[in-house]
Amino acid sequence: MESFHGEVIGTALLILLGNGVVANVVLSETKADRADWNTITLGWGMAVFVAVFSVAAISGAHLNPAVSIGLAIAGKLRWSVVPGYVIAQFLGAMLGAFLVWLFYRPHFAKTRDRDLKMAAFCTSPAIRDLLSNFMCEAMGTSVLVFAVLQLAQPAVGLGALDALPVGLLVLAIGLSLGGTTGYAINPARDLGPRLMHMLLPMPGGKRDSDWSYAWIPVVAPIVGAAIAAGLYLVLGGEIRIDLPSITSFM
């Protein structure tokens, strides 16, 4: 149960800070109103860093179903624990999205653009091309999971700074690959908040939750994680069934 609770708390922190920086940038009359993409990507990178070091000792801080599945395919996580991790991650993502809504509620009321309101919850493509969108999400997740599998625990621990490489990894993905789809690269990060966007009342009204697109940031990251794990094994990755000693991302 500790791992379950850790994943709920860690994913909630991830979404609170990650979607929080998006809300801070896109919603009206915040102190960061009209900030830029660099603010969002840096905020997400730091959200990963904080969430990972907060729960790494409890659950391994996967915070992402694609990461849990990728670790299981690579032989670094028992398949029997994957369902519990995934459920916890989705619950944590929904909780985090609720907290963002609660925190920024007056600014949701001031924001007239309903697309921007939805952006504070979930992703959408810059250009809607489902094949390209799928490829981008899969490729971004492949980079994430492959890099996570290559991370090695240092001989001398650095405390919370052990989580910094994962935050920098997500920052790099956001800066280089995030502009096409918003780099969900995490089924829980997108679907959990999208459900909350659908369920929560929105001051001033809201748009539909774009369910015709919603399957892409769920399915594509899982495909990308499987590709990354397969490449890791082809390149001679060691199979060791255990809870991971280092962390992953989202």
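The values are calculated or read from the model by the stated rules, or taken from the named source; none is laboratory data. This is a predicted model, so every value here is computed, not measured. Every residue, glycine as well, gets a Cβ built from its backbone with ideal geometry; the counts of neighbours run over all protein chains shown. These accessible areas exclude ligands, DNA and RNA; they are computed on the full protein's heavy atoms, side chains included. Shrake-Rupley method; radii C 1.70, N 1.55, O 1.52, S 1.80 Å.
For Leu149, the conditions (1) assigned to a helix (DSSP H, G or I); (2) touching a Lys or Arg at 6+ places or on another chain (Cβ under 9 Å); (3) more than 17 Å from Val67 (Cβ to Cβ) are fulfilled apart from (3). Residues in segment 25-39 that are open to solvent by less than 70 Å² (accessible area, probe 1.4 Å) and not in a loop (DSSP other than H, G, I, E, B): Val25, Val26, Thr39.
Exactly one residue out of Leu42, Leu91, Leu16 is in contact (Cβ under 8 Å) with a residue 40 or more places away in the chain, under 15 Å from the mean Cα position of the chain (by Cα), more than 30 Å from Tyr232 (Cα to Cα) and assigned to a helix (DSSP H, G or I), and it is Leu16.
Among the numbered conditions (1) touching a Pro at 6+ places or on another chain (Cβ under 6 Å); (2) of a type in the set (Ser, Thr, Tyr); (3) at pLDDT below 95, the only one that Thr123 does not meet is (3).
Kindly evaluate Ser54 against the criterion of being small (Gly, Ala, Ser), surrounded by fewer than 23 Cβ atoms within 10 Å (Cβ to Cβ) and either touching a residue at least 40 places away in the same chain (Cβ under 8 Å) or assigned to a helix (DSSP H, G or I) (or both). Taking the combined requirement at face value, the residue satisfies it. Can you tell me which residue within segment 169-182, out of those that are outside any helix (DSSP H, G or I) and open to solvent by 10 Å² or more (accessible area, probe 1.4 Å), is farthest from Val219 (Cα to Cα)? Checking each candidate, the answer is Gly179. For segment 185-239, a tally of residues being among the polar types (S, T, N, Q), touching a residue at least 60 places away in the same chain (Cβ under 8 Å) and open to solvent by 40 Å² or more (accessible area, probe 1.4 Å) returns 0. Please verify whether Leu63 is under 17 Å from the mean Cα position of the chain (by Cα) and assigned to a loop (DSSP other than H, G, I, E, B), treating the condition exactly as stated. Considered against the rule, which asks whether it is under 17 Å from the mean Cα position of the chain (by Cα) and assigned to a loop (DSSP other than H, G, I, E, B), Leu63 comes out as yes.
Considering only residues that are touching a Phe, Trp or Tyr at 6+ places or on another chain (Cβ under 8 Å), open to solvent by 50 Å² or more (accessible area, probe 1.4 Å) and more than 21 Å from Thr180 (Cβ to Cβ), which ones fall in segment 84-126? Scanning segment 84-126 gives a single hit, Ile87. Considering (1) assigned to a helix (DSSP H, G or I); (2) open to solvent by 20 Å² or more (accessible area, probe 1.4 Å), the lone condition that Ala138 does not fulfil carries the number (2).
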